[in-house]
Amino acid sequence: MKDILVLRELEQIKAIAHPYRLEIIDSFEEASATAKQIADRMEEPHAKVNYHIKTLVKVGILELIEEKVKLGIVEKYYRPAAKNLVIDRNVLNTGEKNALESLEQVSFSLFESISKDFYRAAELPNASEHPKKFLYFSDYYMTLDEMAELQDKLSEVYEEFLEDKKDKNRPETKKYSLYSLMIPKVREKK
């Protein structure tokens, strides 16, 4: 599995613009899995998950890595093509309406996924025993290049710190999701 897959095609960006597909990608964790295994993890219908997996395979975001015949049934094992997906910056600069709409939808899908995680964590029994940490900085003025530079620096820090934190069998650990949002601040018109 590659570390990074740079998404350069509009079809790839459209594929991850669907929030359900982001959940599917996240459900793989660190191992390959069948559509049935992912459906079971997500507690979703197998046919629905399988449909979206096929879409992700078609655009190269997931890859078929193995087929096993078990009791006359072919089990197909998939995994993400890379640990991280990155949208090529050149897509941002095309000005093409479809590309910009797809990028906007990806942003909404990511935010929806983050929101679901947040509310699930907030509703946990004994929520106070499950710490949630927030860092919030507001009202900075930056160019697009400065935003990209900041994102690169944050990525470096995350990657360096988290490099040895993938083992879910380490004692006393819990699974956490980390998010970094950089969004333009827009004031409502009065």
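The values are calculated or read from the model by the stated rules, or taken from the named source; none is laboratory data. None of these values were measured; they are calculated from a predicted model. Quick reminder, even Gly has a Cβ in these numbers, built from the backbone with ideal geometry, and neighbours come from all protein chains shown. Note: accessible area is taken over every heavy atom of the protein model, side chains too, but ligands, DNA and RNA are not part of it. Shrake-Rupley method; radii C 1.70, N 1.55, O 1.52, S 1.80 Å.
LEU56 exposes around 0 Å² of accessible area when a 1.4 Å probe is run over every protein chain in place. FRET efficiency for the pair GLU101 and SER177, taken as 1/(1 + (r/R0)^6) with r the Cβ-Cβ distance and R0 = 30 Å, rounds to 0.70. In this Cβ point-charge picture (+1 for Lys and Arg, -1 for Asp and Glu), the chain has a dipole of about 560 debye about its Cα centre.
Over 24 Å between Cα atoms: which of LYS36/LYS70; LYS116/LYS153; LYS14/LYS54; LYS116/LYS166 fall into that group? Where the Cα-Cα span goes over 24 Å, the pairs concerned are LYS116/LYS153. Quick query: amide H of ILE87 versus all other amide H atoms, modeled in the peptide plane; which residues come in under 5 Å with a sequence gap of 5 or more or a different chain? Sorted by chain and number, the residues that satisfy this are LEU7. Under 5 Å from the amide H of LEU62 lie the amide H atoms of VAL57, ALA81, each residue being 5 or more positions distant or on a separate chain, with H modelled from the backbone and absent for Pro and chain starts. Just the number please: accessible area per residue for the range 1-100, 1.4 Å probe, all protein chains included, in Å². With all protein chains present, the range 1-100 gives 61 Å² per residue. Here the Karplus curve 6.51 cos²θ - 1.76 cosθ + 1.60, taken at θ = phi - 60°, turns the phi angles of the range 19-28 into couplings of x, 5, 5, 5, 5, 4, 4, 5, 6, 6 Hz, with x standing for Gly and Pro. Computed log10 I(q)/I(0) for the range 12-94 at 0.22 Å⁻¹: -1.04, from the Debye equation with unit scatterers placed on every C-alpha and solvent omitted.
Taking the DSSP bridge list for the chain and keeping only pairs wholly inside it, about 65 percent are antiparallel.
Placing pseudo-labels 7 Å out from each Cα toward the beta carbon at GLU43 and VAL86 gives an inter-label distance of 3.6 nm. Ligands, DNA and RNA excluded, the heavy atoms of ARG170 present near 90 Å² of accessible surface to a 1.4 Å solvent probe.
Amide H contacts under 5 Å for GLU75: LYS68, VAL69, LYS70, restricted to partners 5 or more places along the chain or on a different chain, H placed in the peptide plane at 1.01 Å from N.
Model label points for GLU156 and TYR119, set 7 angstrom from Cα along the Cα-to-Cβ axis, are 3.8 nm apart. Atom-type composition of the exposed protein surface of the chain places 53 percent of the accessible area on carbon and sulfur (1.4 angstrom probe). Expressed in units of 2.2 N^0.38 Å, where N is the residue count, the Cα radius of gyration of the chain is 1.15.
Rolling a 1.4 Å probe over the protein chains gives ARG120 an accessible area of about 130 Å². In sequence order, the range 80-87 has phi-based couplings of x, 5, 8, 5, 10, 10, 10, 8 Hz under the Karplus curve 6.51 cos²θ - 1.76 cosθ + 1.60, θ = phi - 60°, and Gly or Pro positions carry x. Residue-wise HN-Hα couplings along the range 160-170, as the Karplus relation 6.51 cos²θ - 1.76 cosθ + 1.60 with θ = phi - 60° gives them from phi, are 5, 5, 8, 3, 9, 10, 8, 6, 6, 8, 5 Hz; Gly and Pro carry x.
Against the criterion of solvent-accessible heavy-atom surface with a 1.4 angstrom probe, PHE118, PHE111, PHE137, PHE28 sort, most first, into PHE137, PHE111, PHE118, PHE28.
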